């Protein structure tokens, strides 16, 4: 597992009215939220990424649909440098993917109309961007859904 990347299960409280999920934990793993946004893909197979940040921590939650996330450690000082991890985020098994600074991420919708909530530790500053982007296929065929 890439150092600092966590995929944390989210408790879902359900009763006859519906459900409630706490997306970000409280305590040590929490970070101050400066930006919250949603993004969605209209059809399955759409890829968004890769990008990493120099100052911004991120967390992702999928409230609707299913998404395959790919994370690649690009921190030369890390013990997991160049390691690639994949995660499936879905409303069916709610979890939050937390990504540290310097790790490339991207996601692909595995279901039509998938929605991802992005949680950021920094505000968006178009005059001083902190992101670096790569072609989504830079790391090869990491998006293929493998038969098992």
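The values are calculated or read from the model by the stated rules, or taken from the named source; none is laboratory data. Keep in mind that this is a model prediction, so the values were computed, not measured. With ideal geometry, Cβ positions are generated from the backbone for all residues, glycine too; neighbour counts draw on all protein chains shown.
Miscellaneous remarks
- For the criterion of being part of a loop (DSSP other than H, G, I, E, B), over 15 Å from residue 6 (Cα atoms) and free of Cβ contacts under 8 Å to residues at least 40 places away in the same chain, residue 77 passes.
- Taking segment 117-141 as the range and being in contact (Cβ under 8 Å) with a residue 24 or more places away in the chain and under 15 Å from residue 50 (Cα atoms) as the test, the residues that pass are 118, 130, 131, 132, 133, 134, 135, 136, 138, 139.
Matching residues to (1) touching a strand residue (DSSP E or B) at 6+ places or on another chain (Cβ under 7 Å); (2) closer than 13 Å to residue 39 by Cα:
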residue: 50; (1), (2): yes, no
residue: 67; (1), (2): yes, yes
residue: 79; (1), (2): no, no
residue: 98; (1), (2): yes, no
residue: 108; (1), (2): yes, yes
residue: 116; (1), (2): yes, yes
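- Every residue from segment 1-15 that is farther than 17 Å from residue 52 by Cβ, in a strand (DSSP E or B) and in contact with a strand residue (DSSP E or B) (Cβ under 7 Å, 6 or more places away or on another chain): 7, 8, 9, 12, 13
- Counting the residues of segment 64-93 that are modelled with pLDDT under 95 and surrounded by 16 or more Cβ atoms within 10 Å (Cβ to Cβ) gives 1.
- Boolean, residue 47 is free of Cβ contacts under 8 Å to residues at least 24 places away in the same chain and surrounded by 14 or more Cβ atoms within 10 Å (Cβ to Cβ): no
- For residue 88, the conditions (1) under 11 Å from the mean Cα position of the chain (by Cα); (2) within 27 Å of residue 129 (Cα to Cα) all hold with the exception of (2).
- Qualifying residue in segment 133-143 (condition: within 14 Å of residue 63 (Cα to Cα) and either part of a loop (DSSP other than H, G, I, E, B) or within 16 Å of the chain's Cα centre (by Cα) (or both)): no
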